[in-house]
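Worksheet: one structure, shown below.
Bear in mind that the values in this text are calculations on the coordinates, not laboratory data. The structure displayed is predicted, hence computed values, not measured ones. Cβ coordinates were reconstructed from backbone atoms using ideal geometry, including for glycine residues, and neighbour counts include every protein chain displayed.
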Amino acid sequence: MNEKIPSHMAAVHLVRHGGLEALCYREDIATPVAGQEDVLIKVAAAGINNTDINTRVGWYSKKVRDSTNTGGETGFELSDDEDAAWSDEPIAFPRIQGADCCGIIVDVGEGVPPSRVGERVIVRSMMHGVDNHPFECRTFGSECDGAFAQYTTAPSRETHKVDCHWSDAELASIPCAYSTAENMLHRASVGPERVLVTGASGGVGSAAVQLAKRRGSQVTAVASTSKTRSLLALGADEVIDRNTPLVDAFGTGHFDVVIDLVAGPAWPSLLEILKRGGRYATAGAIAGPLVELDVRTLYLKDLTLIGCTFQENTVFENLVRYIEHGEIRPIVAKTFPLREIRKAQVEFLAKKFTGKLVLIPPA
């Protein structure tokens, strides 16, 4: 070990599903110890994601039918704790959330090479299951404690060294949002073609814009008009206001691929604007999870619908390579001290920024 590790640390406990009051900042939480195949990480920065809020409020419960933001500050009365997490496992409280982790390895378990101490790392947020079965996975900060803390542990195999000159906040913007975006593009086999990205100003959406451009795509970003300049700077070829009827703007059969994070009432139009043989990929439903599908549109246009959660190893490996080769760069909209997590999540829910909001724990 290169430094004295304290017996207790600052962290945020999620004590139950609910509103912002369910987040409790404390400075007397026992510092975790690295298990046999784990590493202990001193957290330098932790990004905020929709999944953190979705889990807190219990939005994943099938009894909830509203948009994410509807219960973002107060929670959902209808949420059922038994299915309120994204996986089949109820959350074990108290839980330290935080799917995005950037930090330094300060200790390792007995089964991990000591040479890993001192590495600057990020943790794959969508971790594979214990037996590495296809489509079996768990989320860092959901099924296990995450990065809203001074220290956290993670399996060594899920913890990736990164050599770059980025800030800690920039690196902490990568794991959840960029892997989600890269996974959708990977699963949809996106190449030099026309791609529409919904929710394009958010963490995943802005990542999808950059990553699709890296693949040579012509990218149309859907967001509020106020985000136009920042999205064009990210590489979008055009930006269309999120309230514009898409079929009116593009007609039918215009796009090869739709990368969707929004769903909600406008969802049917996303299939209408796809070309015959088009692909639709989704990893979110911030405008509402229930949509109306005209099955005739699906089969008469030979469309492919792709739900994206599980990630093959190559997805995160690709991201580390892109970073180290200087092929991508996230936007950090703002940072907050970890103790201000409630304030940060209120700002996150307001959606008035482009890119990522990041929490910084005490040194």
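Summary table below
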| read-out | value |
| --- | --- |
| Point-charge dipole on Cβ atoms (K/R +1, D/E -1) for the chain, about Cα centre, debye to 20 | 980 |
| Cα-based Kirkwood hydrodynamic radius, the stretch 233-353, one decimal, Å | 17.3 |
| Sites F310 and C164, calculated FRET efficiency, Cβ-Cβ separation with R0 25 Å, nearest 0.05 | 0.40 |
| Trypsin sites (Lys or Arg not before Pro) within the stretch 17-83: DSSP coil, no more than 15 neighbouring Cβ in 10 Å | K62, K63, R65 |
| Under Karplus coefficients 6.51, -1.76 and 1.60, residue-wise ³J(HN,Hα) of the stretch 288-297 in Hz, glycine/proline x | x, x, 9, 10, 9, 10, 8, 4, 4, 4 |
| GNM flexibility winner over the chain from G264, G18, G251 (Cα, springs under 10 Å) | G251 |
| Dipole of the chain, positive direction: furthest Cα of G264, V123, A46, with charges on the beta-carbon | G264 |
| Alpha carbon centroid spacing (whole Å) that separates the stretch 275-313 from the stretch 187-216 | 15 |
| Relative pair counts by distance (%), Cα atoms of the stretch 133-198, 5 Å bins | 3, 10, 18, 24, 17, 14, 9, 3, 1 |
| ³J(HN,Hα), Karplus 6.51/-1.76/1.60, whole Hz, each residue of the stretch 72-84, x for Gly, Pro | x, 9, 10, x, 10, 4, 7, 4, 9, 4, 5, 10, 7 |
| Cross-link pairs K42/K161; K62/K301; K227/K351 - those with Cα-Cα distance over 20 Å | K62/K301 |
| Within the stretch 239-331, GluC sites (Glu not before Pro) in DSSP loop having at most 11 other beta-carbon neighbours inside 10 Å | E292 |
| Residue-averaged 222 nm ellipticity for the chain, from DSSP H runs of 4+ at -39500 (n - 2.57), nearest 500 | -6000 deg cm²/dmol |
| Magnitude of the charge dipole, the stretch 177-307, Cβ model with Lys/Arg +1 and Asp/Glu -1, debye to 20 | 300 |
| Normalised convex hull volume, the chain, alpha-carbon set, Å³ per residue | 124 |
| Mean Cα-pair separation over length for the chain, i.e. relative contact order, pairs under 8 Å, 6 or more apart, % | 18 |
| Sites Q218 and T252, calculated FRET efficiency, Cβ-Cβ separation with R0 22 Å, nearest 0.05 | 0.75 |
| Listed residue (A287, G18, F316) projecting farthest to the positive dipole end of the chain, Cβ model | A287 |
| Residue among T31, T180, T225 with the largest mean-square fluctuation in a Gaussian network model of the chain, springs linking Cα atoms under 10 Å | T225 |
| Shape of the stretch 177-307, Cα gyration tensor, a/c cut at 1.5 | rounded |
| Ratio of Rg to Rh over the stretch 38-142 (Cα coordinates, Kirkwood Rh, two decimals) | 1.05 |
| Axial C-alpha extent at least 15 Å, average Kyte-Doolittle at least 0.0 - helices from the chain (DSSP) | 203-214 |
